[in-house]
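Below: one structure, written as structure tokens.
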Amino acid sequence: MRHYRAEGGKWSRKFTVLHHVKNRIAAETLESHKDQWEMKIAGILRKCETMIGSQLSIRRWTTKHAAKWLKEEGFSEYVDLLCNKHRLDGLALLTLTEYDLRSPPLELKVLGDIKRLMLSIRKLQKQHGNVMEELGYFGEGWPAGGHLAQSASSAAQVGDWLCNGDLVRDCDGQVTDLHFDQHRYSNGKYKQHSARLDPEYWKTVLSCIYVFIVFGFTSFVMVIVHERVPDMQTYPPLPDIFLDSVPRIPWAFAMAEVCGVVLCTIWMLVLLLHKHRSVLLRRMCSLMGTVFMLRCVTMFVTSLSVPGQHLQCSGKLHDNMWGKLQRAYAIWSGFGMTLTGVHTCGDYMFSGHTVVLTMLNFFVTEYTPRNWNFLHTLSWVLNLFGIFFILAAHEHYSIDVFIAFYITTRLFLYYHTLANTRAYQQSRRARIWFPMFSFFECNISGTVPNDVDRRECEAALLERLNQNRT
């Protein structure tokens, strides 16, 4: 027993010595790694503070929170400028763009700081993507964080800006401002349209005044060319492949105008129910006025002989200016239609009826949903049959109708291509060659969505129900 007790005491002393040695080694190890542990603990604390700060909604961030975030990101030298002087809070910081940093009143001069700050802001935007979406900055299908800063830089270099200084699309098709909604297709491409369209009623009123003035001027030119029409005995009708092959149908021209009236009624209904009717009416008036202004030139410079012997065209009718103005007013008030009793000669190059039919058709098909196949088919049938009736009535040469159709379609397509893609809309060359387009479309970015104004529909339905009840 004594032997075992001695052995136990011996081992107990050994364990005590080993325990002290272990504690001493641990203390020395901890002392040697003290700095490393302090750095790790400080990093963990900073992460915890960041997590706690991120839990606070960025909507509630004050200038102090924004200043703290800037210091944590390493931009302490800009705290006074951004937070104290310009009072940037959380939402203002979240929506900051590279253009804001480069332009007055900030005008940061250090390129590296601008890029690093934008990278940090982009990360912040990605963390708070839901807030950005609620603010209308990211539409459906937008990647979190988007191309906001990168596109802003691209647009700043290109110089494509709206009338009010907002950014537009750059040539690569990236979105450079916050006024867009996008739908992403399965192939990864985006369909872009404007999220918020300013009706700009005053511009619409100007476009309406413009088209009415052009119609009045066209009526006066029609009076002039009617007096200058070549004598039928001296200048017989020109050879025409269609007019020589198809016999004249007396009632065809009236049917062409009926097709135009039906198309105009459809367009009025589309215009009434469309959410962005002001933009549509402005585009319609500007395009129609421009085409008819060109028609004034072509009518005046060359007088063609009458296309058929059935047309009774006399020479000079009015000796004074007042008589010409009265005749022009009669044409203007009657819309130049035979259904209203207006009969003119000499206004052949090019066909105004074809212009109206084609323009109405293109506007109806452009600003109605793509799945409205019946309406689109009806619109094209009315357009083509109207053109056929014009030729079948022998009221115009084939070249008149062809040129009218070509000019109207090209001008419509070119106008909408520029308006939808914004390729050269704000360049100096565009402002010189297309001044009216730049004026009317400078605040319209992207495709105009075909949205129905539900309030108008509901009001119409309620009115119809009330009429049925009474």
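Hey, with R₀ at 25 Å, roughly what FRET efficiency would E72 and L135 work out to, going by the Cβ-Cβ distance, to 0.05?
Numbers: r = 23 Å, r/R0 = 0.94.
That pair, E72 with L135, gives E of 0.60.
With unit charges on the beta carbons (Lys and Arg positive, Asp and Glu negative) and the dipole taken about the Cα centre of segment 201-468, which residue among G334, C285, L382 sits farthest to the positive side?
About the Cα centre, the residue reaching furthest to the positive side is C285.
Choose one of H226, L357, S303: the residue whose Cα lies farthest towards the positive end of the charge dipole of segment 201-468 (beta-carbon charges +1 Lys, Arg; -1 Asp, Glu; about the Cα centre).
L357
Out of residues 5 or more away from H274 or on other chains, whose amide H comes under 5 Å of its own, with H placed 1.01 Å from N in the peptide plane?
Residues meeting the amide H criterion: D453.
At 7 Å along Cα-to-Cβ for each site, give me the label-to-label distance between S314 and K126 in nm.
Distance between the two pseudo-spin positions: 8.2 nm.
Sort 390-397, 105-112, 445-452 by packing, meaning the average of other beta carbons within 10 Å per residue, with the highest value first.
In descending order of packing, they fall as 390-397, 445-452, 105-112.
Strictly over 30 Å apart at the Cα level, which of K115/K275; K126/K203; K85/K115; K123/K275; K85/K123; K123/K203 would you flag in this model?
Working: K115/K275 40 Å; K126/K203 38 Å; K85/K115 21 Å; K123/K275 36 Å; K85/K123 24 Å; K123/K203 40 Å.
In this structure, K115/K275; K126/K203; K123/K275; K123/K203 lie more than 30 Å apart at Cα.
For a label point 7 Å from the Cα of S245 along Cα→C-beta, name the residues of segment 397-422 whose backbone N is under 16 Å from it.
397-402
Provide the gained length on full extension for the span R102 to T421, in nm with one decimal, where the gain is 0.36 nm per separating residue minus the Cα-Cα distance.
In short, 112.2 nm is gained.
Largest first and in whole Å, what are the equivalent-ellipsoid semi-axes of segment 58-135 based on the Cα gyration tensor, each being the root of 5 times an eigenvalue? Can you show the working numbers first?
Numbers: eigenvalues 68, 40, 28 Å².
Working through the eigenvalues yields semi-axes of 18, 14, 12 Å.
Using each residue's phi in segment 126-134, evaluate 6.51 cos²θ - 1.76 cosθ + 1.60 at θ = phi - 60° and report the 3J(HN,Hα) Karplus result to the nearest Hz, with x for Gly and Pro.
5, 5, 10, x, 5, 5, 4, 5, 5
Work out how much length T62 to M268 would gain on full extension: take 0.36 nm times their residue separation and subtract the Cα-Cα distance, in nm to one decimal.
Taking 0.36 nm per residue and subtracting the Cα distance, the gain is 69.1 nm.
Readers should treat all values here as calculations from the given coordinates under stated rules, not as data from a laboratory. Please read these numbers as outputs of a predicted model, since none were measured by experiment. Positions of Cβ are generated from backbone atoms using ideal geometry, with glycine treated the same way; all protein chains shown enter the neighbour counts.
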